[in-house]
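Please read the structure below before turning to the comments.
Derivation of every value follows stated rules applied to the coordinates shown; laboratory data play no part. In this text, all values refer to a predicted model and were calculated from it rather than measured experimentally. Glycine gets a Cβ as well: all are built from the backbone with ideal geometry, and neighbour counts include every protein chain shown.
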Amino acid sequence: MSENEGALLEIRGLEVVFDGFRAIDGVDLTVGQGELRFLIGPNGAGKTTLIDVVTGLTRPAAGTVRFAGTELTGRREHRIVRLGIGRTFQTSVVFEELTVVENLDLAAGFRRPLPALLRQRRGVSGTVAEALDVIGLGDLADRPAGVLSHGQRQWLEIGMLIAQRPRLLLLDEPVAGMSGGERERTGELLTRIAADHTVVVVEHDMEFLRRYASQVTVLHEGKVLVEGDVAAVQADPRVQEVYLGRSREDVR
Amino acid sequence: MTAPGTALRSPALRARLRGYALFAAVALLLLVVAPLALPAFRLDELAKYLCFAIAALGIGLAWGQGGMLTLGQGVFFGLGGYAMAMYFKLHDADGDLPDFMVWSGVEKLPALWKPFESPVVAIAAVVAVPVAVAAVLGALVFRQRVRGAYFAILTQALAAAFVILLVGRQGLTGGTNGLTNFYDVFGRDPEAESTQRTMYFVTAAVLGVLYLAARQLVKSRFGRLLVAVRDGEDRVRFLGYNPATVKTVTFAISAGMAGLAGALFVPVVGIISPSLLGVVPSLELVVAVAVGGRYALAGAVLGAVVMNYAKTEFSEQWAGGWLYLQGALFILVMTLAPKGAVGLYEQVKDAVARRRTPERPVPAQSVQGEAA
Amino acid sequence: MDSLLNQVPIGLSIGAVLLLVALGLTFTFGQMGVVNMAHGEFIMAGGYTAYMLQDWAGSQAVLAALPVAFAVAGALGWVLERLAIRHFYGRPLDTLLLTWGVSLVLQQAARDLFGAPNVQVVAPGWLTGRIEVLGGALPYARLFIMALAVACVAGIWLYLSRSRPGRRMRAVMQNRQLAEVSGVATARVDQLTFFIGSGLAGVAGVALTLIGPVGPSIGTYYIVDAFLVVVAGGLGQLRGAVIAAVALGMLNSYAEFWTDASLAKVIVFAVVIGFLQVRPQGMFVLRSRALT
């Protein structure tokens, strides 16, 4: 925690091109230490692509991505994780044959030295117990993750993220496909995590946004359209046009 | 029956005890019953099956646990076998050229053979060479995320190329005949019954030790990581691990096991030749693992022993029949019981347990209920 | 220098053989993710078809054998797809092992039907000569195989780009789910693909009888190289298969020329591994939103 209260993630002049299509077209984005930032925008705005670039899944055509002063572009995915960036995916991927605890233990483990890796897990480490507590899946700790419901899988993913002890969390549509109750619980989870983590959330769901967001960046056609607090963004006519012009559903 | 103690109520502990009991029973069977009950030549045959079982154990690790379908284990088996056989040949030749080199008109001992005059180097090479080859190949292909069927095809191509190389280099490798006619195996006569008996015990012991080691590996955090890599390699990257490293290490371990198996095979059977390690023998090993049950190490061992026993029995009766049977068995297993004999056993066990306690709720449902 | 050029027609003719044996695989593997180890035995079936037709109608039967072998091998493939493979979609490794079991059975069946020794198909008179090319002698039979390979590629290309079923096949290859929701009967397309892919193996089998005998294990000699072509060429890529086959054929011929037959295979293997270091693309498709 030696960084000043300045930027944790700094993206400058980012461009991503897929077969001639500009998915991201000159994005600048700064996320400060401790911030909770929502990234919204209509389909194809480049939200997930942006996360993909930060986490090393997609190579940008131009621009820089700096995390706590370190350039990320060109690094491999697991190296970026080791620097302290964790992410979830739209479709959650947990390891179905492993138990909930084993999933978390795996996520907590990449810093372990080799001898520890070769030993059997005995009991539950502090990090794992904490993550298990936060996501509230303690009752299912020793069940294989394959039996979890969709919502529980998303929480397990978030738990795995916490267990990684990252400095920056990137959540890609955490409430997609969730029921009302599940959304609520995810929102509480998010609030709790955001209290002591820097979090970027990609989300479609406007209701969720209104309830839990403070700072919002709106992407549209690969560019940053508006940035600001949630009320200002919602009131912005450009945002309304972008959403209304596309689909009434999204704004609701 | 007997009232179980409190400790025995824990299903995990009970499973573990059952595992130990099973292992002890198998060890008893292999180390005491079989040597007493079987005639010498049958014991020697069993020793051969146990060699294949060691190689199968490696396949169980790489394929069953790690999802790497390796169709080139014969190569590693061969590397270990040739390393061992080269030492025996040099030892027999006692400073002269090995017999087959004389027949092929080789005049000077090739440089490649020189180090194998030392038994220490040869035994080290038995494991080190296969491990090194697998590590280099693994590092190259896994780093580039070549996987699944591509990996299988590449390992198969390696097996094909290796055999062609061995056959073509008559003077260096003994060609099609391979290396055979050993007269002295560490100071003993390889044909003597006592030597064969000793080799049997050595092979069984190596299998036992490697089985326990592999089991420990599977249960360790590394083993859990390996399963995770098998089921979601890309996701594992985002947990901060490099799947390429995990796979390369595992592939190298399985290659080392195959090498050891090959080295034991040489004194047990008295020959190592290309026909034992090409595309077909490599595939046969995998088939044995699949039939036994790829997801359980015990299944791999069981499959190797049973399938090779069946092969010997059938081939004695009706050679063609074995191919039909093997093919048909394989088609059946893949279609009806992809988890092999062990999987089938577990299915039956579960079905029986469910029938006994029909009122017990299905676990998955209860979990879903909680979520709603 | 002369001998260097000599290798060009040899390499091209090896490439043509590789292309013929690999062409069908490119599509069954590319579209359906099926690693069909029995492809080699479909080649064998094609070879035996030519042998039987010749028995019946004489050496001129080779031309007639081409469509017949296509149908025979295609039918075998279709039956295999219907009976077993369709239960295995999405499990490429399992199809590999399954079809290997099938290949064992087919090989043994051939041994029981035609005997274990190889049989010889006599090429018709007009294919027995040879022609001087670049200072080397090229048998007409090899020339015929090259022409056949070109014809097959052209046929496939026309089929894929011009015909309705061909376009459906491409659609399924590119995006199975999208094709399905767009109303393409993917199961039907799969059957057809498997028929055509296997049929091409039959054609390759006839071609192979012109340069060597047919035996129960003929398939095993070609299957590994055929798969290497597919791996190097990329999935379902007609262009990739052509380039890879010719390149591997050339490489084989030059590696044999400079070293010998036993080292050549090792060199080819090393080059393929090396190639994958530069171009693993096509070898894997990574889509971020649905990690698997």
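Could you tell me which trypsin sites (Lys or Arg not before Pro) in segment B:14-77 are loop residues by DSSP with no more than 10 other beta carbons within 10 angstrom of their beta carbon? Walk me through the numbers on the way to the answer.
Working: sites: B:14, B:16, B:18, B:42, B:48; in loops: none.
Hits after loop and neighbour filter: nothing returned.
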- Task: Calculate how large, on average over all directions, the projected area of the Cα convex hull of segment B:10-360 is; give the answer in nm² to one decimal.
- Result: 20.2
- Note on the structure: Rounded to one decimal in nm, the spacing of the 7 Å Cα→Cβ label points at residue A:83 and residue A:116 is 2.3
- Task: Pick out, in residue order, every one of the chymotrypsin sites (Phe, Trp or Tyr not before Pro) in segment B:106-205 that is DSSP loop and has at most 15 other C-beta atoms within 10 Å; say none if there are none.
- Result: B:183, B:186
- Once both axes come from the Cα atoms, what is the angle between helix A:126-135 and the longest principal axis of chain A, in degrees from 0 to 90, rounded to 10? 50
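Which of A:150, C:39 has the fewest other C-beta atoms within 10 Å, and how do the rest follow up to the most? Walk me through the numbers before you get to the answer.
Working: A:150 14, C:39 30.
Placing the least packed residue first, the sequence is A:150, C:39.
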- Listed highest first by mean packing, meaning other Cβ atoms within 10 Å per residue, what order do B:121-130, C:26-35 come in? C:26-35, B:121-130
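Please give the average number of partner chain Cβ atoms lying within 10 Å of the Cβ of each residue in A:92-98, rounded to a whole number. Don't skip to the answer; put the middle values down first.
Working: counts 2, 9, 4, 11, 3, 6, 5.
Partner-chain Cβ atoms within 10 Å, mean over residues of A:92-98: 6.
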- Query: Just in segment B:256-365: which chymotrypsin sites (Phe, Trp or Tyr not before Pro) are loop by DSSP and have at most 16 other Cβ atoms within 10 Å?
  - Reply: B:318
- Message: Just checking the output field for B:39-51: average partner chain Cβ neighbours within 10 Å of each residue's Cβ?
- Response: 0
- Inter-label distance, nm, simple model (7 Å from Cα along the C-beta direction), residue B:335/residue B:132: 4.7
- Given a cut-off of under 8 Å on Cα pairs at least six residues apart, what relative contact order in percent is computed for chain C? 38
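What relative contact order, as a whole-number percentage, does segment B:10-360 give when Cα pairs under 8 Å and 6 or more residues apart are counted?
Numbers: 502 pairs, mean separation 112.4, N = 351.
It comes to 32 percent, rounded to a whole number.
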- Ordered by fewest other Cβ atoms within 10 Å, a rough proxy for footprinting exposure, B:51, C:152 read C:152, B:51
- Item | Shape of segment A:58-192, Cα gyration tensor, a/c cut at 1.5 | oblate
- Note on the structure: Honestly the protein assembly as shown on the Cα gyration tensor test (a ≥ b ≥ c root eigenvalues; a/c under 1.5 rounded, otherwise a/b vs b/c for prolate or oblate) is just oblate
- Report, for the protein assembly as shown, the % of DSSP beta bridges that are antiparallel, rounded to 5. 65
- Query: Which FRET efficiency, nearest 0.05, do residue B:94 and residue B:275 yield, Cβ-Cβ r, R0 30 Å?
  - Reply: 0.60
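Considering Cα pairs under 8 angstrom that are at least six residues apart, work out the relative contact order of chain A and quote it in whole percent. All intermediate terms of the calculation are to be shown ahead of the outcome.
Working: 450 pairs, mean separation 65.0, N = 252.
After rounding, I find 26 percent.
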- Taking GluC sites (Glu not before Pro) as exposed when DSSP calls them loop (any state but H, G, I, E, B) and at most 16 other Cβ atoms lie within 10 Å, what is the longest stretch of chain B free of them, the sites themselves excluded? B:192-358
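Given a Förster radius of 60 Å and the C-beta distance between residue B:306 and residue A:235 as r, what FRET efficiency does 1/(1 + (r/R0)^6) yield to the nearest 0.05?
Efficiency computed from Cβ-Cβ geometry: 0.20.
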- Per-residue HN-Hα couplings for segment B:270-282, Karplus 6.51 cos²θ - 1.76 cosθ + 1.60 at θ = phi - 60°, whole Hz, x for Gly and Pro? x, 7, 9, 8, x, 5, 8, 9, x, 4, 5, x, 4
- Can you give the average number of partner chain beta-carbon atoms within 10 Å of each beta-carbon in peptide B:156-165, as a whole number? 6
- Under a GNM of chain B (C-alpha, springs under 10 Å), which listed residue has the highest mean-square fluctuation: B:290, B:161, B:353? B:353
- Message: Which residues does the label zone of residue A:141 cover in segment A:89-115, counting backbone N under 14 Å from a point 7 Å along Cα→Cβ?
- Response: A:99-105
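Most exposed first by the Cβ proxy, i.e. fewest other Cβ within 10 Å, how do B:219, B:311, B:114, A:47 rank?
Working: B:219 14, B:311 19, B:114 11, A:47 25.
In increasing order of surrounding Cβ atoms, one gets B:114, B:219, B:311, A:47.
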- Message: Quick check: from the Cα gyration tensor, does segment A:122-252 come out rounded (a/c under 1.5), prolate or oblate?
- Response: prolate
- Item | Within straight-line cross-link reach of residue B:219, lysines at Cα separation under 18 Å, skipping those fewer than 8 residues along the same chain | B:247
- Query: What FRET efficiency, computed as 1/(1 + (r/R0)^6) with R0 = 45 Å and r the Cβ-Cβ distance, is obtained for residue A:17 and residue C:181, rounded to the nearest 0.05?
  - Reply: 0.95
- Hits among lysines - C-alpha to C-alpha of residue A:47 under 23 Å, sequence gap 8 or more where chains match: A:223
- Task: Report, by chain and number, residues whose modeled amide H sits under 5 Å from the one on residue C:138, excluding near sequence neighbours (fewer than 5 apart, same chain).
- Result: C:131, C:132, C:133
- Message: Using each residue's phi in segment B:169-183, evaluate 6.51 cos²θ - 1.76 cosθ + 1.60 at θ = phi - 60° and report the 3J(HN,Hα) Karplus result to the nearest Hz, with x for Gly and Pro.
- Response: 9, 2, x, 8, 10, x, x, 4, 5, x, 10, 8, 6, 9, 9
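Taking the Cβ of residue B:68 as the center, what net charge do the other residues with Cβ under 10 Å away carry, scoring Lys and Arg +1 and Asp and Glu -1? Don't jump to the answer; show the numbers that get you there.
Working: positive: B:147, B:230, B:247; negative: none.
So the environment of residue B:68 carries a net charge of +3.
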- Message: Which lysines, if any, have their Cα less than 18 Å from the Cα of residue B:311, not counting same-chain residues under 8 positions apart?
- Response: B:48
- Rounded to the nearest 10, the angle in degrees between the Cα long axis of helix A:180-194 and the longest principal axis of the Cα atoms of chain A comes to 80
